[in-house]
Amino acid sequence: MPDPQSDAVQLGWDPEDGLDALKVPLFQTSTFVFESSEAAERLFSIVYGGEKPGSGEEVGFIYTRMDHPNLVITERRLAAWDGAESALLFSSGTAAIFTTFLTHLRPGDLILHGAPLYGGTNTMLQKVLGPLGFEIGSFGPEASQEEIEDMIDGRRLGAVYLETPANPSNDVFDIDLASRVARAASTPEHRPLTIVDNTFLGPYAQRPLDHGADLAVYSATKFFGGHDDLVAGVVTGPLQLIDPMKTMRYRIGTTGDPHTAWLLGRSLETYPLRVERQTANARVVSDFLEGHPKVERVRYLGAIDDDDRVAELAKRQWSSAGSMICFDVSGGKAGAFAFLDALRLVANATSLGGTRSIACHPWTTTHSNVDVETRRSIGITDSMIRLSVGVETPEDIIADLDQALARV
């Protein structure tokens, strides 16, 4: 079986299908012509009626909100990276997460999530799903299985949801432990899901499905896209969970568009090359920050003490430390602002995972919609900087960080 890197370049496309074009064309159309009325009837019976395609039957396309060629090709390549049966591409990471919850959970279900979470996901849980009747609970990275199970307290568990590593702090959660909690709460009528947001590391370094997760979710805007020029989300997993989400996707209109799917397919071809360079750069940058007198604390997965509780997880759960660094500067918020405003090579922006290095202040940007007490309780401070290391020359990145720290 080909390596995912080879699949990311060639899977799903035959030049004979597109006038012998070597690369996948952009199918920029809203609708598709039917071969016949009978073919249209058959297509709609599969899409709306729930009928299954016959063995060897090629299912065509109806309307781009439902499906389109660029979507199918890119999804096959995304699934290959995660070793999954199937993948779905959405209009954003938030759309991917919301469609997952809306498909597989019901009002009244309990969602237990690791904390911290990306601010947008936290807001979705607290301000959207909570008022719709879902119950929300959170636990920290060091919580035991027994402590998490005690939170269920007789309620119907819908899902255990993790970000690992967590945004922005790089806190690490045990995926296998979360899946054990979900399995222990299963009944003959209902099986809770373990859902892992794997955006920070990606499948090059960590494959949640290999560690007990039912579904892996991503902001594909980040490392998959990698060029800060698209917005997309991805979910990977088994067909029995993905297929109903596909139906939900076209019903609520969260499908990824052709141009985004085409851009993402292009980016997947260089995904591992970019990640390798970014990771190598991050190791050097982390070492620099660790030794700087104006940096109070550095959290990077490549700098874990052997006796750290995360060390065992590092050996078991991921194969590469990634390129996300979280650190605190001297001087609190004022120091953080002085540092960010002095950057020149590194951009002061809120995204991550792109070819350009980006730094941001989570307290006032990505997590500003999380209440102050929650921010403090999960370790987010007003002196914290989240740094996404890009592909520039590491010496240039360090030189920019150094001159900016001098302004603190």
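The values are calculated or read from the model by the stated rules, or taken from the named source; none is laboratory data. From a predicted model like this one, the values you see are computed outputs, not experimental measurements. Heads up, the Cβs are rebuilt from the backbone with ideal geometry, glycines too, and the neighbour counts pull from every protein chain shown.
Structure summary
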| item | result |
| --- | --- |
| Tally, over the stretch 332-348, of residues that are surrounded by 16 or more Cβ atoms within 10 Å (Cβ to Cβ) and in a loop (DSSP other than H, G, I, E, B) | 3 |
| Residue among Ala261, Ala282 that is assigned to a helix (DSSP H, G or I), assigned by TED's automatic domain parsing to the domain that holds Thr350 and buried (at least 24 other Cβ atoms within 10 Å of the Cβ) | Ala282 |
| Members of the stretch 288-338 that are out of contact with any Lys or Arg (no Cβ under 9 Å at 6 or more places or on another chain), within 27 Å of Asp174 (Cβ to Cβ) and charged (D, E, K, R) | Glu290, Arg297, Arg299, Asp305, Asp306, Asp307, Asp308, Arg309, Glu312, Lys315, Arg316 |
| Residue list for the stretch 250-289, filter: among the aliphatic types (A, V, I, L, M) and over 30 Å from Ile46 (Cβ atoms) | Leu273, Val275, Ala280, Ala282, Val284, Val285, Leu289 |
| Breaking point among (1) surrounded by 13 or more Cβ atoms within 10 Å (Cβ to Cβ); (2) touching an Asp or Glu at 6+ places or on another chain (Cβ under 8 Å); (3) under 30 Å from Gly130 (Cβ atoms), for Gly108 | (1) |
| Residue check for Ala216: touching a strand residue (DSSP E or B) at 6+ places or on another chain (Cβ under 9 Å), crowded, with 19+ Cβ neighbours inside 10 Å, not in a helix (DSSP H, G or I) and not assigned by TED's automatic domain parsing to the domain that holds Arg316 | yes |
| Count of residues meeting criterion [touching an Asp or Glu at 6+ places or on another chain (Cβ under 6 Å) and of a type in the set (Val, Ile, Thr)] in the stretch 227-275 | 1 |
| Residue identified as within 12 Å of the chain's Cα centre (by Cα), of a type in the set (S, T, N, Q) and crowded, with 24+ Cβ neighbours inside 10 Å among Thr194, Thr164 | Thr164 |
| Candidate set from the stretch 176-191 (those that are among the hydroxyl-bearing types (Ser, Thr, Tyr) and surrounded by fewer than 18 Cβ atoms within 10 Å (Cβ to Cβ)); member that is nearest to Pro165 (Cα to Cα) | Ser186 |
| Residue satisfying all of: in the stretch 139-167; touching a residue at least 40 places away in the same chain (Cβ under 8 Å) and among the polar types (S, T, N, Q); farthest from Val370 (Cα to Cα) among these | Thr164 |
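Okay, residues lined up against (1) free of Cβ contacts under 8 Å to residues at least 24 places away in the same chain; (2) farther than 16 Å from Ala95 by Cα; (3) touching a strand residue (DSSP E or B) at 6+ places or on another chain (Cβ under 8 Å):
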residue: Ser186; (1), (2), (3): yes, yes, no
residue: Thr194; (1), (2), (3): no, yes, yes
residue: Gly202; (1), (2), (3): no, yes, yes
residue: Asp210; (1), (2), (3): no, yes, no
residue: His227; (1), (2), (3): no, yes, no
residue: Val231; (1), (2), (3): no, no, no
residue: Pro238; (1), (2), (3): no, yes, yes
residue: Gly265; (1), (2), (3): no, yes, no
